[in-house]
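Taking it in order: structure first as structure tokens, then the write-up.
Values quoted throughout were computed directly from the atomic coordinates according to the rules given, and no laboratory measurement underlies them. Because the structure is a prediction, the values reported are computed rather than measured. Ideal geometry is used to build each Cβ from the backbone, glycine not excepted, and the neighbour counts take in all protein chains shown.
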Amino acid sequence: MIQEHGGNIYGQSSGIIDFSANINPLGMPAKVKKAVIESIEKSDIYPDPDCVRLRKCISSYEEVPCEKIVCGNGAADLIYRIVSALKPKEALVTAPTFGEYRKALSEYGCKISEYLLYEDNDFIVDSKIVSCITDRTDILFLCNPNNPTGKLIPCEVMETIAERCIETGTILVSDECFIGFTGKEDTRSLKKYFNANCIVLKAFTKLFACAGLRAGYAVFGSSKLAEKVRSTGQYWSVSIPAQVAGIAAFQCDGFTERTIEYICAERKFLEEELGKCGIRFFSSEANYILIKSFAGLDDMLLNSGIMIRNCENYSGLSKGFYRIAVRTHSENLSLIEAIKKLVYGGINNATDILR
């Protein structure tokens, strides 16, 4: 079953185990949940359009002034607002990667070029991309770690890209919504090489399991650029529950560290078990894994009550590619057991197809 995005469980049978959405398996922190529930009493008034309290929390965490921060209705909202504000004529994106960059750019009539990431190079963004950034490239979207590959961009490559974008006048957007799962945010974020042309996107969606609340933010290298984006889009873009969820998230001491430890252990377990089943996987540093197996695996698993993300609609991928989230240990066991039944059940010599 091919969907535009993961996490669309609506219309599925109850009790489905959703591996298609990359949400923290530890769930929403209790402190965040409590803050959201209490915020309902204040939700009869309009939310703060400037997200002043939330931006102060973000400013303290990111160590950047408030005027360089813009909050939005999730990171996806900010992607569209950035494109709307800048109206780029030519853009560069990698492939495969998150589809909303291309969709937002296409809606504004932007010419899009792709830098293909190759399977035999483990889908790594390498230094060759720099030669594709020219004076005509108005904007470059990167995803770090990339979705659906889970690959972080090498430090030396990110540094060179940032330098090249200053030379060419290109706006560089690094979507880092999953970097909190890696334990390497301090060393691998674009912020290490920040300049006036840089934008970093983040969200509370994945790490703090707030997908239904829709809260994200962008950190800008330029306050002028931030103001330009802030002036686009709807006036009350972030609801009161979403704002208090973000504020509470910064008060959850130790939650990120526990998450990283859990994800690392469960991802290792999944990769080892997938390997034993003869399923090809691409090592990941995020809370999801890209695999290559036989066509129809997603529909077969759905019959067993397990949903995974079919990735053949990603530009640069084809039939047989799937993304699976790292879930709880019991859920991960259920996935592996279901795969074993298919593989060892001799479904069309599955392990020999697209191996």
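Pairs with C-alpha atoms separated by more than 31 Å, drawn from the list K31/K68; K151/K340; K34/K224; K192/K340; K68/K89, are K34/K224; K192/K340.
In region 124-230, Rg over Rh equals 0.97, where Rg is the alpha-carbon radius of gyration and Rh the Kirkwood radius from pairwise Cα distances. Contact order, relative form, for region 136-274: 20 percent (alpha carbon pairs under 8 Å, 6 or more residues apart, mean separation divided by residue count).
Dipole of the chain computed with +1 at Lys/Arg Cβ and -1 at Asp/Glu Cβ about the Cα centre; of P49, I279, P25, farthest Cα towards the positive end is P49. Give the angle, between 0 and 90 degrees and rounded to the nearest 10, that separates the Cα long axis of helix 52-62 from the longest principal axis of the Cα atoms of the chain. Computed tilt is about 70 degrees.
How far, in degrees from 0 to 90, does helix 255-276 lean away from the longest principal axis of the Cα atoms of the chain, to the nearest 10? Its long axis makes an angle of about 30 degrees.
Springs join every pair of Cα atoms under 10 Å in this Gaussian network model of the chain, and among Y115, Y322, Y61 the largest mean-square fluctuation is at Y61. Comparing F123, C177, A162 along the charge dipole axis of region 123-187, the residue lying farthest to the positive side is F123, per the Cβ-charge model.
Once the Cα atoms are used to define both axes, helix 329-344 deviates from the longest principal axis of the chain by about 40 degrees.
How much net charge surrounds C143 when only the other residues with a Cβ under 11 Å from the Cβ of C143 are counted, with Lys and Arg +1 and Asp and Glu -1? Intermediate values should be presented prior to the final figure.
Details: positive: K151; negative: E100, D175, E176.
The answer is -2.
Normalised by the number of residues in the chain, what is the relative contact order in percent for Cα pairs under 8 Å and 6+ residues apart? Can you show the working numbers first?
Details: 679 pairs, mean separation 88.6, N = 355.
The value is 25 percent.
Using the Karplus relation 6.51 cos²θ - 1.76 cosθ + 1.60 with θ = phi - 60°, the per-residue 3J(HN,Hα) values for region 217-222 come to 8, 10, 10, 10, x, 10 Hz, with x marking Gly and Pro.
Amide hydrogen proximity for I306: with H placed 1.01 Å from N in the peptide plane, the residues at 5 or more positions away or on another chain lying under 5 Å are I17.
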